[in-house]
1. How much of the accessible area of region 336-394, probe 1.4 Å, is carbon plus sulfur, in whole percent?
2. Under the rule a/c < 1.5 gives rounded, and otherwise a/b versus b/c splits prolate from oblate, where does region 5-125 land using the Cα gyration tensor?
3. Just order 179-187, 235-243, 257-265 by mean Cβ neighbour count inside 10 Å, highest at the front, would you?
4. Just to be sure I understand the model, the point goes 7 Å from the Cα along the line to the Cβ. What's the resulting Val112 to Phe180 distance in nm?
5. Extension gain Gln277-Ser345, at 0.36 nm per residue separation less the Cα-Cα distance, in nm?
6. Skip the ligands, DNA and RNA, and give the accessible area per residue of the chain with a 1.4 Å probe, whole Å².
7. Taking 0.36 nm per residue of sequence separation and subtracting the Cα-Cα distance, how much length would be gained by fully extending the chain between Trp241 and Asn376, in nm to one decimal?
8. Can you tally the lysine pairs in the chain where the Cα-Cα distance is under 26 Å and the two residues are eight or more apart, or on different chains?
Amino acid sequence: MQVRQCQPGGRIYDYDVVVSTTAGPPWLTGPAYLSLWQACGLAELGLRVAYLVPWVAPSGQAWLWRGQTFATPQAHLEWLAGEIRRMGAPVVPDLFHYKGHVSKLLRSIVPVEDVFRAAPSARVHVLTEPEHLCWYPWATPRPCVDAETVLGVVMTNYDYYIGRQGKIAARLAAPLARWFHRHRIRRHTDWTVPMSPTAEILTAGHTMRRGRVTGVLSHYAKVPPVGPKSGGAYFLGRLVWDKGLETVVRVAARMNLPIDILGEGPDMKAIEALARQTAAPVSFLGPTRTPWTHLDRYRVFFNPSLSENMCTTTAEALVAGRHVVMPDCPGNLPFKAYPNAHFYSDVDGAVAALTIAMTEDPVPPEAARREFDWLNACRTLAGLWGEAGPRLPT
């Protein structure tokens, strides 16, 4: 392997920051859009930012994104720039690709190229899901990366996903995967930012810095408050069993509570079959890239997922002034500070919490809107890297 030598002081980099992600839009998943908003927010604050996303073959795109494909990398980057403008971001960061492969077994994109070599030179590397980005066996180790600091935003509960398979082999594989991911994080980053206490299972033994580095687009703060026509409940997310969709369906059937389900995913047909079998009053409305345009009709977001690390859709609902009913688990601990968040530990508790949320008006969400402001989150991130990286322009 060719080794990249670190440069002496005074090095001039092409960018202040490069944000790399395991999953890029149009995939409607957390790492894709959180990393995108991070790149756009840092650019809006005045830094020179590059955004590095995976490029996968059109055959993989069709399976992953349910039909939307791009014939060439340039076509994808042009669409991505348009998506950034559609979101209302005033600055479009420079866009780059690394090579990836869609694994149907893992339901994920696997890097088949060293992301550090694919990235342009930058003073700071922000790795979204660093353990996943460095699955590639020959990824450049941290001492050979030409950067002032490399940080990882850790946000995926792999133990939950692996252990949920229920098979003995899966339960045995979970500790092995945890050990491997800890090794990759230590080998390729200087420090990490765990998104919630759940993520700290991967960051244990490595330098951690804590801060609210994720936020919510300003669109959600503009959603009208709950009114006479805001009577419904909804679920928003990827349609896989790991997101708690069985609980959504069974609770809807038990309460005879209509729940709209927004999203798509590989388990959608099986979830629809369960809804028919239980006569649950749920409606499948498909995916949306503008969730904030739908929230005015709802009062409650029901999010029973146990796999999350400070779930973005929960933060969006709180900022929009909606109730959120969710399980009491480590990944949801950051939301206990907000009065519109309701927690349960079993199905009876979920029914009780939903009953209350469907009848009481939410508290005005000033605290959530202030603390989940996206630019504030990007300022927090830049503050965490301190002297080892660029300062924000005044």
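1. Exposed carbon and sulfur together represent 55 percent of the surface.
2. In terms of gyration-tensor shape, oblate.
3. Working: 179-187: 17.1, 235-243: 22.1, 257-265: 19.7.
Final packing ranking: 235-243, 257-265, 179-187.
4. Distance between the two pseudo-spin positions: 1.8 nm.
5. Numbers: separation 68, 0.36 × 68 = 24.48 nm, distance 2.53 nm.
Full-extension gain reported as 21.9 nm.
6. 42 Å²
7. Numbers: separation 135, 0.36 × 135 = 48.60 nm, distance 3.34 nm.
Net length gain for the segment: 45.3 nm.
8. Number of lysine pairs found: 8.
The values are calculated or read from the model by the stated rules, or taken from the named source; none is laboratory data. What you see is a predicted model; the values in this text were computed from it and never measured. Neighbour counts run over all protein chains shown; Cβ positions are idealised from the backbone, glycine included. For accessibility, only protein heavy atoms count, side chains too; no ligands or nucleic acids. Shrake-Rupley method; radii C 1.70, N 1.55, O 1.52, S 1.80 Å.
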